[in-house]
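What follows is a single structure, written as structure tokens, with notes after it.
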Amino acid sequence: MNRTIQVPISKEDAKSLHAGDYVLLNGTIYTARDAAHKRMYEALAEGKELPLDWKGNVVYYMGPSPAREGRPIGSAGPTTASRMDKYTPQLLDLGLGAMIGKGKRSQAVIDAVVRNGSVYFAAVGGAGALLSQRIKSSEVIAYDDLGTEAIRKLEVRDFPVIVVIDSEGNNLYETAIKQYAK
């Protein structure tokens, strides 16, 4: 791996990363998927507080499976990030430091990543069982009624991700295609 980063992520760390870097994350990240994003979006539209301050924090687009005995969480693979694209620029403007998911992002999200000096990481899809081994604790902190889509606080150790979109807007999905075509 190229780098180990403590999360929540600092602006300096986010800006030092480049598309294609391999990174291990250590610290606290939060899960949120479609339903949680929609609820946060509606709360902001109504002038209400969000359940947590996203400044510098990392959101993992993931809904876990039930935990096996003795484990804090079940399989914990990433979900398709583009489903959150409608809501993401607003969270980035509120200080969201980074996102973890899989797949491409809209131009509006890429613009917000650049505007806010954030980063978009990808976790390997299909590796949820392996990724769950990097999660040391899991606690629902908001929207418990959403079940697997509740917001969870995760403590992670050496959680492997790849920088897909860096703070300058470089996009690994685009550059990798160009490199492969050569």
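The values are calculated or read from the model by the stated rules, or taken from the named source; none is laboratory data. Bear in mind the structure is a predicted one, so any value in this text is a computation, not a measurement. Cβ coordinates were reconstructed from backbone atoms using ideal geometry, including for glycine residues, and neighbour counts include every protein chain displayed. These area figures cover heavy atoms from the full protein model, side chains too; ligands, DNA and RNA do not enter into them. Shrake-Rupley method; radii C 1.70, N 1.55, O 1.52, S 1.80 Å.
Tabulated values for the structure
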{"read-out": "Charge sum, other residues only, whose C-beta stays under 15 Å from Ser138's C-beta, Lys/Arg counted +1 and Asp/Glu -1", "value": "+3"}
{"read-out": "Cα-Cα separations in the chain greater than 22 Å, expressed as whole percent", "value": "40"}
{"read-out": "Placed amide H near Lys136: partners under 5 Å, 5+ positions off or other chain", "value": "Glu155, Val156, Arg157"}
{"read-out": "FRET efficiency for Lys55 and Asp158, using Cβ-Cβ distance with R0 set to 22 Å, rounded to 0.05", "value": "0.35"}
{"read-out": "Per-residue SASA entry for Asp53, accessible area with 1.4 Å probe, Å² rounded to 10", "value": "100"}
{"read-out": "Interchain or long-range residues, amide H under 5 Å from Gly77's placed H", "value": "Gly128"}
{"read-out": "Full-extension gain in nm, Leu130 to Gln6, via 0.36 nm per residue minus C-alpha separation", "value": "42.6 nm"}
{"read-out": "Mean residue ellipticity (222 nm) of the chain, computed from DSSP H runs ≥ 4 via -39,500 (n - 2.57), nearest 500", "value": "-7500 deg cm²/dmol"}
{"read-out": "Distance between modelled label sites at Asp145 and Leu44, nm, 7 Å Cα→Cβ extension", "value": "2.2"}
{"read-out": "Per residue accessible area in Å² of the range 58-134, where ligands, DNA and RNA are left out and the probe is 1.4 Å", "value": "40"}
{"read-out": "Mean Cα-pair separation over length for the range 91-182, i.e. relative contact order, pairs under 8 Å, 6 or more apart, %", "value": "30"}
{"read-out": "Stretch gain in nm, segment Ala67-Thr175, where the contour uses 0.36 nm per residue and the Cα spacing is subtracted", "value": "35.1 nm"}
{"read-out": "Area of Thr31 that stays accessible when all protein chains are in place (1.4 Å probe, Å², to 10)", "value": "0"}
{"read-out": "The range 26-121, accessible surface, carbon-and-sulfur percent (1.4 angstrom probe)", "value": "47"}
